[in-house]
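Notes follow once the structure below has been shown.
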Amino acid sequence: MDIFERQYDWIKRTRDSLFRYCDSLTPTDYVKDLETFGGDSIRSLHVHVADCYRVWLGNRALGKSLPVIKPESVNNVQEMREVFRKTDALVHEFLNEFRGKWDHSVQVSFKDGGSAEYTTLWLFTHTSTHEFHHKGQIVKIGRQLGYIPPDTDLLEP
């Protein structure tokens with residue numbers, strides 16, 4: 001197994017721990033917008049994480065045309081797991097496409113007319129660290145809602 005596939009497997013295991021925690025939330029709390037987090041909910045942060053993978057790895061690196069996911073289209077944790085099953089397939093497609101080509105550059109255009117060039121290693125690193133950043137926010141929101149989270153640091157197999 002490729003080192004990045006192993007790394008992503010650890011990310012998925014850690015995400016599964018977070019999903020099990022989210023299963024303990026009431027459905028109302030999972031989708032509750034909190035002003036202290038800029039109006040975000042746990043659901044909207046999960047969608048944002050999935051969209052980051054879709055935009056950077058799918059649209060930009062693989063040249064796909066994937067639509068943005070609307071938080072309202074995902075009603076519960078089980079449906080979010082399905083979103084991430086599709087995200088996992090996309091990440092594996094990216095890892096297979098660029099295996100051994102981690103210095104390959106991808107030209108990225110932005111809505112404001114700007115552009116930049118990123119390596120595929122940067123793209124993978126950006127998306128995975130982005131997920132962990134928002135994982136911390138999700139745990140913090142859960143705490144604010146009165147739930148005690150488990151240890152959600154990177155889990156080893």
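Rule-based calculations on the coordinates, nothing more; no lab input. Small disclaimer: the values here were computed from a predicted structure and weren't measured. With ideal geometry, Cβ positions are generated from the backbone for all residues, glycine too; neighbour counts draw on all protein chains shown.
Table for the structure above
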| read-out | value |
| --- | --- |
| Fluctuation leader among S41, S128, S73 - the chain, Gaussian network, Cα springs under 10 angstrom | S73 |
| Approximate spin-label separation L62-D16, in nm, with each point projected 7 Å along Cα-to-Cβ | 2.1 |
| Simple Cβ-charge dipole of the stretch 49-136, Lys/Arg +1 and Asp/Glu -1, about Cα centre, in debye nearest 20 | 100 |
| Separation between Cα centres of the stretch 79-141 and the stretch 1-68, rounded to whole Å | 11 |
| Among 50-57, 81-88, the order from most to least packed when residues are scored by Cβ within 10 Å on average | 50-57, 81-88 |
| Charge tally in the Cβ shell below 12 Å around V83, where Lys, Arg are +1 and Asp, Glu are -1, V83 excluded | +3 |
| Spin-label pair H126/H92, simplified geometry with 7 Å Cα→Cβ offset, distance in nm | 2.5 |
| Residue-averaged 222 nm ellipticity for the chain, from DSSP H runs of 4+ at -39500 (n - 2.57), nearest 500 | -18000 deg cm²/dmol |
| Total charge dipole magnitude, the chain, about the Cα centre, Cβ charges on Lys, Arg, Asp, Glu only, Debye to nearest 20 | 160 |
| Furthest towards positive pole of dipole, H92, I3, P149, structure part the chain, Cβ charges | H92 |
